[in-house]
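Below is one structure, written out as structure tokens; comments come after it.
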Amino acid sequence: MQGSTISCSQVPLSLPGQLQLGNGGGGAEEESVPTRAAAILGWGRTLSSSSGVSHGRRCAGLALLALMALLFPRTMAFAAVPNGVWLIDGKAAVQIFDCSGLLCGRILWLQVSRDPQGQLNRDRNNPDPALRQRRLCGLTILWDLRSVGPARWGGGWFYNPDDGKTYRVSAELKSANLIVARIYLGVPLLGETKTLLRVAHGTSDGWC
């Protein structure tokens, strides 16, 4: 038995900055990925009232697609790695650089760069005896920080040569010359905050 036609266009949904779905219009607006997906899945087509259950499911799916477009914008903003030299606690400077799209950092200056015998300081507190003779100057101590927002990174690691331990780390660029990092084991709330200040590369003793 043929019934009256029902369309999802009776409840029009529009995605911000994208073609309205289910409006039955013939405009020449740019077609977005969600729009093409809707067309492939058949959402927005005119259905018979005898298939109301299927129609309801398709309309619900269309609403879900619109919600996903709101939660996951077409353009995501990611942070560019703030390349340069950054001073930590006045005791060490690290060179922050891009390593395959991630944020990494290596020691570039140490306030105390030599031991009492006048030799360059080495990684003597490393838990691996095989690594205790490597020099601290040039050692990568920050790695795997991933962009999680326009000026934030997370999920990375920080190696502290002072105690030989490796910590989790997250960081936020507060200004062009200031980074605030959170270093922790387990729970960020129980960690320690470090401030990194952008500085110029020096030439005095202690620079790598």
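Any read-out appearing in this document is the output of simple, stated calculations on the displayed coordinates, not a laboratory observation. No experiment lies behind these values; they were computed from the predicted model shown. Backbone-built Cβ (ideal geometry, glycine too); neighbour counts: all protein chains shown.
General remarks:
- Under the condition of being assigned to a loop (DSSP other than H, G, I, E, B), surrounded by 13 or more Cβ atoms within 10 Å (Cβ to Cβ) and not hydroxyl-bearing (Ser, Thr, Tyr), the residues counted in the stretch 104-124 number 3.
- Leading residue by the ranking (nearest to the chain's Cα centre (by Cα)) among those in the stretch 129-148 that are among the β-branched types (Val, Ile, Thr) and surrounded by fewer than 17 Cβ atoms within 10 Å (Cβ to Cβ): Val148
- Every residue from the stretch 82-100 that is touching a residue at least 60 places away in the same chain (Cβ under 8 Å) and of a type in the set (Asp, Glu): Asp89
- The set of residues in the stretch 127-175 being touching a residue at least 60 places away in the same chain (Cβ under 8 Å) and within 25 Å of Gln111 (Cα to Cα) consists of Cys137, Gly138, Ala171, Leu173.
- Count of residues meeting criterion [under 17 Å from Asn177 (Cβ atoms) and of a type in the set (A, V, I, L, M, F, W, C)] in the stretch 98-108: 2
- Taking the criterion of being surrounded by fewer than 15 Cβ atoms within 10 Å (Cβ to Cβ) and over 30 Å from Pro129 (Cβ atoms), the residues of the stretch 149-168 that qualify are Gly149, Pro150.
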